[in-house]
1. State yes or no: is D99 more than 30 Å from M29 (Cα to Cα), surrounded by 17 or more Cβ atoms within 10 Å (Cβ to Cβ) and under 18 Å from the mean Cα position of the chain (by Cα)?
2. When both residues are 6+ apart or on different chains and their Cβ atoms are under 6 Å apart, which pairs have a first residue that lies in the range 134-157 and is at positive phi, and a second that is outside any helix (DSSP H, G or I) and of a type in the set (F, W, Y)?
3. Looking only at the range 291-312, which residues are under 23 Å from R30 (Cα atoms) and modelled with pLDDT under 95?
4. With respect to E232, is the statement that it is within 20 Å of P297 (Cβ to Cβ) and touching a strand residue (DSSP E or B) at 6+ places or on another chain (Cβ under 9 Å) true?
5. What tally of residues in the range 124-149 results from selecting those that are among the hydrophobic types (A, V, I, L, M, F, W, C) and crowded, with 22+ Cβ neighbours inside 10 Å?
6. What are the residues in the range 42-81 that are farther than 16 Å from R274 by Cβ, assigned to a loop (DSSP other than H, G, I, E, B) and within 18 Å of the chain's Cα centre (by Cα), if any?
Amino acid sequence: MRRRNFISLLGGVAATWPFAARAQHGERMRRVAFLTIITQNDPDVQLLRSAFHDRLHELGWLDGRDVRIDYRWAGPNVESLRAHATELVRANPDLIVADSTAALTVLRPLSGDIPVVFLRVSDPVGVGFVNSLARPGGNLTGITNFEFAMGGKWLQLLKQIAPLTSRVTALLYPGMIAHDGFWRTIEAAAAPLTVEARAILVRHAADIESAIVAAAGAPNNGMILLPHAIIEVNRFMIIEIAARHRLPAIYPLRHYAAASGLIAYGLEPRNLYRQVAVYVDRVLRGARPAELPVQQPTRFELAINLRTARALDLDVPPSLLALADEVIE
């Protein structure tokens, strides 16, 4: 079992700052708000919180001593996100962390001049959140999670692990610019792989099961799950339904494979939470979000669940196993 580490552009630099420059007991306690589409009962909540807190502590910020962190585990519902965002902004914290495109979409028009650090946002320039990656402008900066080319890469990996796949269905959220970009690269990769690609729009959790049943409706079908709040919070249900219908599927984050998804290619969320802590530290020490470049990940993790592959009667090629960062037996 091997795992490549996510490479931080700034983490190493931040780690070298002298400890004397870091938060001390005599300074004013800072307030950080955290808005996320994750729900409180998600099994990864504690792991993600610990990753964020541990990195902040390494940088000199101890929760309850130097900083107070106020979480809102809002789920993907827009009205819930908006209600929590409104509450957080009224409290006027020193900084707000927005986890996901959905969270940032509702928070941005409410945030005023409060600095916002985001993560898990696929296309912040295309959506209009920032002016450019190099100089975001305004009160926002943060970390992206995927480039559009990942759509084609997901299809290629799915074809490698399930070589008989001749049709693939991607679940898309309507009107989402990032999903439009992923879909274009999936379509471009489909013809050379002799795969017929189609998209099914999924707006609500209630749409998911019928979409998966439709994707599994003919032999040699496969499925691509694109990153979105609706997919993330319903990942266990999606994986279970895909298994029930014996549908090979590829997922956008490593923890899907850990939860019995067949194969995943993307980022490790805990590393993202550690990385966002670096920018929280920078902003709390006076850096302006407008001048902090939006970061892009430089490494992605490939995880394969061999138990799920065997259940689907798939023989994983040795060449693909050799590429994997994690193989779940």
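The values are calculated or read from the model by the stated rules, or taken from the named source; none is laboratory data. Since the structure is predicted, the reported quantities are computational estimates derived from the model, not experimental observations. Ideal geometry is used to build each Cβ from the backbone, glycine not excepted, and the neighbour counts take in all protein chains shown.
1. Working: more than 30 Å from M29 (Cα to Cα): no; surrounded by 17 or more Cβ atoms within 10 Å (Cβ to Cβ): yes; under 18 Å from the mean Cα position of the chain (by Cα): yes.
For D99, the condition - more than 30 Å from M29 (Cα to Cα), surrounded by 17 or more Cβ atoms within 10 Å (Cβ to Cβ) and under 18 Å from the mean Cα position of the chain (by Cα) - is not met.
2. Partner pairs satisfying both residue conditions: G142/F118.
3. Residue satisfying the conditions is E291 alone.
4. Values: within 20 Å of P297 (Cβ to Cβ): yes; touching a strand residue (DSSP E or B) at 6+ places or on another chain (Cβ under 9 Å): yes.
Considered against the rule, which asks whether it is within 20 Å of P297 (Cβ to Cβ) and touching a strand residue (DSSP E or B) at 6+ places or on another chain (Cβ under 9 Å), E232 comes out as yes.
5. Qualifying residue count for the region: 5.
6. D42, P43, G75, P76, N77
So that you can scan it fast, the table gives a plain yes or no per residue for (1) free of Cβ contacts under 8 Å to residues at least 60 places away in the same chain; (2) assigned to a strand (DSSP E or B); (3) within 25 Å of D123 (Cβ to Cβ):
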{"position": "A243", "(1), (2), (3)": "no, no, no"}
{"position": "R246", "(1), (2), (3)": "no, no, no"}
{"position": "S260", "(1), (2), (3)": "yes, no, no"}
{"position": "Y273", "(1), (2), (3)": "no, no, yes"}
{"position": "Y279", "(1), (2), (3)": "no, no, yes"}
{"position": "A287", "(1), (2), (3)": "yes, no, yes"}
{"position": "P293", "(1), (2), (3)": "no, no, yes"}
{"position": "L314", "(1), (2), (3)": "no, no, no"}
